[in-house]
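Comments concern the structure below.
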Amino acid sequence: MAIPAMTGWRTTLKGSGTVTIGLIVLGLSSYIFLTISARVLGPNNFSLLATLWSLVYAIGGGAFAPLEQEFTRIISKSRSGLHEANLDGGPTLTVAGTLAILVILLLFGLRTLIARQLFRGDIIYVDILIISVILQSGLYVLRGTIAGSRRYSYYAFQLGSEGLTRAIIAAIVATVGLNGNTWLVVSVPLASAISLIATIVFLWARRLEFFQQTWYFIRGAGTRSWRRGIAKAGRRISSLSISSLEAQGLANLGPVAVQLISREPAASGRLLASFIVVRLPLFFSSAIQASLLPELVSAVETNDETRFMGYVSRFLATLLLLAIASSAIVVVAGPSLVRILFGSAYSSGIAELLILGNSSVLLLGTTILQAALVALDRHAHTAFAWTVASIVFLGSLFIPIAAISRIEIALLGSSGIAFLAMGTLLLHQRNTHYAQ
């Protein structure tokens, strides 16, 4: 028997609001963790932690966020009573496991090179990176399953517990005087592990039927269906992986790019400090993906074009208001916030903060449009849009100006192109789908 799907704009907002609570806790905890780390470590050592932080969320999110999106999509279809969605579960999980193994093997093979190029030869940072990426794979699969099942409170719990654990460790390091270079770095994977285990235990204790339904969903296909399903799942996830790696790269790799092209050791840490102050909009991307995608899938399956475009337009209108509000805050207090949070060694101008902030808003808008294309089962089109944006980003790095200015222009230009390309593709594919 099909599980009734929750529909309606109020339901979507409620889901977004619940996840947003977790994101706010995660965001504030991340601010606390990074600001304490910046003060404890100083600009030079904080640059190494900044690089590790950026790589964990660029590689982990880039490689495994597609798993969250795809599990959300197919579990939402299954809940809508579509039996063929059940047949996608096992093959998708098989492809997910294969992807995780390949990413980990690649990182291990490049272990020495990454240490030499990005971490001043310290191999421990790369080991921490690999462990963190392994944990991220589990977190994204879990979150996709939770979002598709519309268990938003557990989604929020996972996000909040991860952030709080990391902030508590940072506070203890600063208060007790522990070795920051050890404990602050170790806290990156440790907090992920604790939140993963705690969420599973919490679900097991409160929602045993969640695991029963998920197991039925995963084993739902026969051998022949698995063979066909793996090929289909492979195409979808490979397209989303390209999209996600490039999107996460644009969102997180600015400090890494500065580390590579700048001759100033502390430049990476200063750019991350500016990022942290203005990139609040990006914290809402998970809330949007988790709550919007299931409703868009439902609208597509019921062939309701008005409802489908209504969700997209309302979220974009909300995003415009967010952009106006965040820009106003930057103009009034942006540079002061950077100095207050991170100390006098970190400074940023209004123009720099506006560029970084608006690029974050454009990236968030692009994730809304991507969710709509994924709901239409147009995974390859999302990869095309992000690839065009990545080409713009890489091309901008060769502009003969200061390193940080190059990164800022690259981020704003590539995020704008991504938004325009994704929007154009969505309009075309929407017309094609509903004309059938």
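Rule-based calculations on the coordinates, nothing more; no lab input. All of these numbers come straight from a predicted model, not from anything done at the bench. Here the Cβ is made from the backbone with ideal geometry for all residues, glycine too, and neighbour counts use every protein chain on show.
Just to confirm a number: summing +1 for Lys and Arg and -1 for Asp and Glu over residues other than Ser132 whose beta-carbon lies under 13 angstrom from that of Ser132, what do you get?
Computed value for this residue: -1.
Which distance in nm do the two modelled labels at Asp377 and Asn181 give, with both placed 7 Å along the Cα-to-Cβ direction?
Computed distance between label sites Asp377 and Asn181 equals 5.5 nm.
Compute the distance in nm between two label points, each set 7 Å from the Cα along the Cα-to-Cβ direction, one at Arg120 and one at Leu320.
Distance between label points: 4.8 nm.
Using a basic spin-label model with each label point 7 Å from the Cα along Cα→Cβ, how many nm lie between Arg111 and His428?
About 4.5 nm separates the two model spin labels.
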